[in-house]
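Right, one structure below, let's go through it.
The values are calculated or read from the model by the stated rules, or taken from the named source; none is laboratory data. Quick caveat, the model's predicted, so the values are computed rather than measured. Here the Cβ positions follow ideal geometry from the backbone for every residue, glycine too, while neighbour counts run over all protein chains shown.
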Amino acid sequence: MRSASAARAPRSFAFGLPDVAVTLGVLTLLAIVAKVGAGAFAPFTAKITPHVDLDPRNLPYYAARSTLRMFVALVWSTLFTLVYGYFAARSKRGERILIPLLDILQSVPVLGYLSVIITAFIALFRGSLLGLEFAAIFAIFTSQAWNMTFSFYQSLKSVPHELQEAAALYRLSGWQRFVQLDVPFATIGLVWNAMVSYGGGWFFLAASEAITVLNHNYTLPGVGSYVAAAVAAQDMRALGWAIFTIAVVIVLVDQLFWRPVVAWADRFRFEQSAAAEAPRSWVFDVIRASNVPALASRAWAPAADSVGRLLSAVTEARLASRAPIAERKRGDRLFNAAAIGVVVVLSAAALHFIFTTVGFGEAIKVFGLGLATLARVAVLVAFATIVWTPIGVAIGFNPRLARALQPVVQFLSSFPANFIFPFATLAFIRLGLPINFGAILLMALGSQWYILFNAIAGAQSIPTDLREMCDDCDLRGWRRWRRLIGPGIFASLVTGAITASGGAWNASIVSEVVSWGNTTLTATGLGTYITEATTGGDWPRIVLGVSMMSVFVVVVNRIVWRPLYGYAQKRFTQ
Amino acid sequence: MNDELIRCDRLYKRFPLPGGKGEFTALSDVSLSVRSGEVLALLGRSGSGKSTLLRIMAGLIPPSSGEVISGGEPVAGPNPDVAMVFQTFALLPWLTVLENVELGLEARGIRRTNRVRRALNAVDLVGLDGFEGAYPRELSGGMKQRVGCARAFAIEPKVLFMDEPFSALDVLTAENLRSEIDQLWNDGNFPSKSILLVTHNIEEAVFLADRVIVLGSNPGHLRGEVKVELSRPHNRSDARFAEIVDRLYTVMTNPGVAIVASDAVPAELATTHKSPFAQPLPHVRPGGISGMLQLLAEHDAQTEDVAHLSDRLSITADDLLALLETAVFLEFAEITDGDVALTQVGRAFAASTIQSGKEIFRKQLLKCVQLFGSIVRTLEGKKDGTMRVDFFLDLWDEYFPAAEAQRQFETAVDWGRFAELFEYDSLEGVLTLHESTAAAVPLG
């Protein structure tokens, strides 16, 4: 962004302590990336898979590899978001295809098609670890990108009308509009969304670093594969070190990256009045106190200027000359017909493929398995709601507690639950708890936090004067819940439940089959079905399982969550 | 004509109604021209299509038929001769004052040094020197609008468009900025050749403009123009000034009154024999009408000057006009020559208790607004006195765009509830006849 202004010149050119810190920081970062990144280009043949050493001293290196993967995925997600979101928001026809497509992509379980991706990427990058590397990055990418794209799209759709008119009347070029209006307007939403998606990405990273596809074990050096190796070796101590490492990494990334970014993004707040409480970050303060960014932006300014002019010339504001309405309508009809045609052909092909290879009976059986997993998701959401809502409300009503616990809850929600799975599995084996029920617990480990998170937010949004009114009227206990708290947090609870159930469906693929050493526990469900099909490389069953899960997710969304959400909006918001 | 900068030729603007139920006409047969060296005001109530007209002239939206000629060329797309000052400023909060002002120049491909110089000049002109590096959120509303003006000045447009530029500001700030703009214009070094001002504030129009064009509603049309033939700056204490303001108040509160005696009034005829659902209700609250009538009743004199009333009530001119219009057609008040007087019913309503007030209001609604008789009869026709709201909304939908139909419905419900004619259940989406009045309604 070139908004670092000429009018805000640095106070002095003396090279101070902050400058030393920033320069050293940048150089260190570059060195680490170069060292760690080199490992990704290591030669690799399917015969000799990279070995993961359980010595804890290797963990920093593994953690760096994993973190690098996460950031590369984040960069790709951001680029994808900017391009896809822009066309979805700015092209009427594009919108009609891209948005439903995004909706579908969002409900396809990422871990379900991981096998497809890995096979494709290995074929693409023969003889290099890069293929596996890209497959893992792609898996993380798919867990981040859809959310971010939706957020960007929605921001672009809500750019205030007067600003759009000003942009048109002052004849901003397409490029100018993009960098000075569209992207800045969407930045805050995008940053928050990216932060949440990034947290969710750890789960998929851990799941994609060590995976068995087509009867072959693929391993990438990283914390995820370290955990997998520790499980295979039944090494409790190594597991403990891995969990400690990932906790440290999450905190570091939060402090060194996300907090500064959030603090920086605050300048794009759209409200024209000063904020009550601006987000703060000590790293951002250090960077701002140094002269390095100002010097860099000054050095960069002439180049940025010419690039901007060039791109502006290419995307010059058009003097609108629209096609006559009749012609446009005919074009629209043709476009719709073509779109429907493609959808029909694709679904017919998928159905044909499934029925000619596995048969109708198998589809019925898989539907039954889907019901089993659905039951688990339902129990999980219901139980987590009952348990966490009172706790969340108690926290939300106490501002001091809420402030103190917020980072903790945020940390828990981005902590990859699959790192805890081995302990749970061990407990199930020792206690003899059947995995058919245990799987619910495993799925809950990752997804319950969304419910807690939203219960806190909902409680915080209830105005204090309403609570005082309840005290005044002596409205207590159940009555208070029924009249005030229930309606007050309902909309937030629905949002939390939607997110939690989405996460639970995805988690079912890794939760329904778990192992410790040579013992493997297998639950009955769609997640197991997909995992087994993936391991065996059984294509028709992979397609059938993944499609069935997508159908379940979409149908449940349409007949349960959307109406509930609509009701909450209509009935319980002011 | 040589000094003609922008000309509109028989403009029509129609919007399709939802569900393919025909069209809604926002502007009907509008022709006007903006001449060099004049300040022209477009005066109209909300719904008169004045903002739509401005946007068509700016090339932001295309007309359905007719054309706009600017600088001798037909306008297709954003009009290059025009810069606009927006009602809510339309500043980018992440750019500094100077960067905001530079924006339009940058889009025109002007190099950095030249651009900064011109932007600084414009910032200087609006009195914001010293604030070049500030961000909009650090500025007050009045200063933000100064930035909006500077951005428009910087590109030195032929015509400066101002879309209700002072209506988002508090009274004192608005007055301050208004007189500075006027002064700048009178001094003769204004950065544009003429100004086109859209406003609903009558005094503002008379103070700033050389010519005031009055727009009527439903559909938006030209009612005529008033020339403000006073020496600049226009002096508010001038008797002639007050005369023009009074005249305009009378015109604006009575859709039937001609601006000049000879002007025909075509819009009035069109609405008389239409469906009751075609008649637009002004969006005012019964409590507002009652409050205004009480204030008028407290006043000793028999009549009160409308222009003073606006000051006394300290509400916007648009709200006041809507209240007055409602009071007039419910026969609570009469307006002649810019003076408002209460009728007998109006006095009774002003002096009423809560219950008797509701009764008077109910009587006047049924007597003066066909719509309510129609709704009550429909409800009575049903056995349980209940009807789905969609039925009525569909009727409004035939005459208004969707959002306005919804507002008409909400206003009708508000009035009907106050008058205890019917009840509305927003969850079920049904209207129900009020039980106590079900039997007592005199049908006419």
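Inspect the stretch B:161-181 for any residue being of a type in the set (Lys, Arg) and either buried (at least 18 other Cβ atoms within 10 Å of the Cβ) or on the phi > 0 side of the Ramachandran plot (or both) and give the result as yes or no. Yes: one or more hits.
Listed residues B:Gly109, B:Gly104; which is in a loop (DSSP other than H, G, I, E, B) and at pLDDT below 90?
B:Gly109
Checked against (1) within 25 Å of A:Arg267 (Cα to Cα); (2) under 32 Å from the mean Cα position of the chain (by Cα); (3) within 13 Å of another protein chain (Cβ to nearest Cβ), B:Leu120 meets all criteria but (2). Condition check for B:Pro80 on (1) at pLDDT 90 or above; (2) within 14 Å of another protein chain (Cβ to nearest Cβ); (3) out of contact with any Ser or Thr (no Cβ under 7 Å at 6 or more places or on another chain): one failure, at (1). Among residues of the stretch A:556-571 that are within 14 Å of chain B (Cβ to nearest Cβ), those with a Cβ under 9 angstrom from a residue that is part of a helix (DSSP H, G or I) and of a type in the set (Phe, Trp, Tyr), sequence gap 6+ or separate chain, pair up as A:Tyr567/A:Phe490; A:Ala568/A:Phe490; A:Arg571/A:Phe490. If you go through the stretch B:52-77 one residue at a time, how many are at the interface with chain A (Cβ under 7 Å from one of its Cβ atoms) and at pLDDT below 90? Residues meeting the conditions: 3.
Please state which one of A:Tyr84, A:Tyr113 is farther than 19 Å from A:Thr531 by Cβ and either out of contact with any Leu (no Cβ under 8 Å at 6 or more places or on another chain) or at pLDDT 75 or above (or both).
On the way: A:Tyr113 fails: farther than 19 Å from A:Thr531 by Cβ.
Matching residue, one of A:Tyr84, A:Tyr113: A:Tyr84.
Considering the conditions (1) within 24 Å of the chain's Cα centre (by Cα); (2) at pLDDT below 90; (3) aliphatic (A, V, I, L, M), A:Ala274 is excluded by exactly one of them, (1). Evaluated against (1) crowded, with 22+ Cβ neighbours inside 10 Å; (2) in contact with a helix residue (DSSP H, G or I) (Cβ under 7 Å, 6 or more places away or on another chain); (3) among the β-branched types (Val, Ile, Thr), A:Thr499 falls short on exactly one condition, (1). Considering the stretch B:193-209, and only residues there that are surrounded by 21 or more Cβ atoms within 10 Å (Cβ to Cβ) and in a loop (DSSP other than H, G, I, E, B), the residue that is modelled with the highest pLDDT turns out to be B:Ala209. Taken over the stretch A:137-171, the criterion of being more than 23 Å from A:Thr499 (Cα to Cα), buried (at least 23 other Cβ atoms within 10 Å of the Cβ) and aliphatic (A, V, I, L, M) is satisfied by A:Ala166, A:Ala167, A:Leu169. A:Leu163 falls short on exactly one of the conditions (1) within 11 Å of chain B (Cβ to nearest Cβ); (2) in contact with a Ser or Thr (Cβ under 9 Å, 6 or more places away or on another chain); (3) among the aliphatic types (A, V, I, L, M), and that condition is (2). Among residues of the stretch A:251-265 that are basic (Lys, Arg), those with a Cβ under 7 angstrom from a residue that is outside any helix (DSSP H, G or I) and crowded, with 19+ Cβ neighbours inside 10 Å, sequence gap 6+ or separate chain, pair up as A:Arg259/A:Ser281. Counting only helices (runs of 4 or more DSSP H) that sit completely within the stretch A:426-532, those holding 3 or more residues that are more than 20 Å from A:Phe415 (Cα to Cα) and either aliphatic (A, V, I, L, M) or modelled with pLDDT of 85 or more (or both) correspond to A:435-460, A:486-511. Would you call A:Gln154 more than 10 Å from every other protein chain (Cβ to nearest Cβ) and farther than 14 Å from A:Phe268 by Cβ? The answer is yes for A:Gln154. Within the stretch A:96-122, the set of residues being over 18 Å from A:Leu156 (Cα atoms) and not hydrophobic (A, V, I, L, M, F, W, C) comprises A:Gln106, A:Ser107, A:Pro109, A:Gly112, A:Tyr113, A:Ser115, A:Thr119. Just one residue in the set A:Ala265, A:Ala294 is at pLDDT 85 or above, under 27 Å from A:Gly25 (Cα atoms) and within 14 Å of chain B (Cβ to nearest Cβ); that residue is A:Ala265. Pairs linking a residue in the stretch B:62-76 that is touching a residue at least 40 places away in the same chain (Cβ under 8 Å) and closer than 14 Å to B:Val34 by Cα to a residue that is surrounded by 15 or more Cβ atoms within 10 Å (Cβ to Cβ) and among the aliphatic types (A, V, I, L, M), with Cβ atoms under 6 Å and 6 or more positions apart or on different chains, are B:Val68/B:Met57; B:Val68/B:Val75; B:Ser70/B:Ile6.
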